[in-house]
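Working notes, structure below.
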Amino acid sequence: MGKTNLLYGLENKLGHLLGELDAKRDEVMRIKALVDTLPAITARIRELEQTIEGAETVIKFDHPDWERDTIDPVRPQVHQIPVKLGEATRKALEVLRDAGGEGMTFRDVARAVLRREGVEYDQKTLDKVSNTIGNSLRKKTDILESDGGWPAKWRVIRRS
């Protein structure tokens, strides 16, 4: 006997509720992790404020009419991929060398790099790693070549 409309509707609703519960639990874990970093961040803010105040005092000593408004804040660059800074290109080249001359898209290379690193990844992380690898490997035209297709498949140039 098949499912009734009532059973089907309740199972569907239950599926949505279970999904929302998982998402909320993940959100709570993320927030708890952020709360743990609060004391260190607060201490760093105090340290930065003191350093800025000291630097302004020194500048105003020599230039009394100087104003802070002339300085535009520059946000720090934050490394946002799970592969260590500077390692993505090297690991991508290793993947292409190990492919034995078979062409690979940047996305395929990124997947292989993340697998080698043992990283569980989502679509956003894969996109970031793929873009990082693509931007760095496009510059390596002396050792890499593309098939010219879309998406391009890249391989290491074999020198004889």
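Can you find, among His79, Gly148, Leu38, the residue farthest towards the positive end of the dipole of the chain? Put +1 on the C-beta of Lys and Arg, -1 on that of Asp and Glu.
Gly148
With the contact rule set at Cα under 8 Å and sequence spacing of 6 or more, what percent relative contact order holds for region 88-156? Write out the running numbers ahead of the final one.
Details: 73 pairs, mean separation 29.9, N = 69.
Averaging sequence separation for qualifying contacts and normalising by length gives 43 percent for region 88-156.
Taking GluC sites (Glu not before Pro) that fall in a DSSP loop and have at most 15 other Cβ atoms within 10 Å as cut points, what is the longest piece of the chain between them?
Values: sites that count: Glu67, Glu87, Glu102, Glu120.
Counting only loop sites that pass the neighbour cut-off, the longest clear stretch is 1-66.
Quick one: putting +1 on the C-beta of Lys and Arg, -1 on the C-beta of Asp and Glu, what dipole do you get for the chain around its Cα centre, in Debye to the nearest 20? Intermediate values should be presented prior to the final figure.
Details: 28 positive and 27 negative charges, 209 e Å.
Using only the charged Cβ atoms, the result is roughly 1000 debye.
Between His79 and Arg159, what FRET efficiency follows from the Cβ-Cβ distance if R0 is 45 Å, with the result rounded to 0.05?
Numbers: r = 33 Å, r/R0 = 0.74.
The computed FRET efficiency comes out at 0.85.
Compute the separation of the alpha-carbon centres of region 96-126 and region 80-94 and state it in Å as a whole number.
After rounding, the separation between the Cα centres reads 10 Å.
Given Lys84/Lys128; Lys24/Lys128; Lys91/Lys140; Lys84/Lys153; Lys91/Lys153, which pairs have Cα atoms separated by over 19 Å? Show your work: numbers first, answer last.
Values: Lys84/Lys128 13 Å; Lys24/Lys128 25 Å; Lys91/Lys140 14 Å; Lys84/Lys153 24 Å; Lys91/Lys153 17 Å.
Pairs exceeding the cut-off: Lys24/Lys128; Lys84/Lys153.
Chymotrypsin sites (Phe, Trp or Tyr not before Pro), restricted to region 58-160: which are DSSP loop and have at most 15 other Cβ atoms within 10 Å?
Numbers: sites: Phe61, Trp66, Phe106, Tyr121, Trp154; in loops: Trp66, Tyr121.
When the chymotrypsin sites (Phe, Trp or Tyr not before Pro) of region 58-160 are filtered for loop state and at most 15 Cβ neighbours within 10 Å, Trp66 remain.
Give the order of Ser146, Ser130 when sorted by the count of other beta carbons within 10 angstrom, beginning with the fewest.
So the ranking, lowest neighbour count to highest, is Ser146, Ser130.
Between Leu17 and Asn5, what is the spin-label point distance in nm, taking each point 7 Å from the Cα along the Cα→C-beta axis?
2.1 nm
If you plug each phi of region 142-154 into the Karplus form 6.51 cos²θ - 1.76 cosθ + 1.60 with θ = phi - 60°, what whole-Hz ³J(HN,Hα) values come out, in order, with x for Gly and Pro?
Per-residue couplings from phi come out as 6, 10, 10, 9, 10, 7, x, x, 10, x, 5, 10, 10 Hz.
Assuming R0 = 45 Å, can you tell me the calculated FRET efficiency for the pair Ile59 and Ile143, based on Cβ-Cβ distance, to the nearest 0.05? Write out the running numbers ahead of the final one.
Working: r = 48 Å, r/R0 = 1.07.
FRET efficiency, Ile59 to Ile143: 0.40.
Rule-based calculations on the coordinates, nothing more; no lab input. Note that the structure is a prediction, hence the values are computed from the model and not measured. Heads up, the Cβs are rebuilt from the backbone with ideal geometry, glycines too, and the neighbour counts pull from every protein chain shown.
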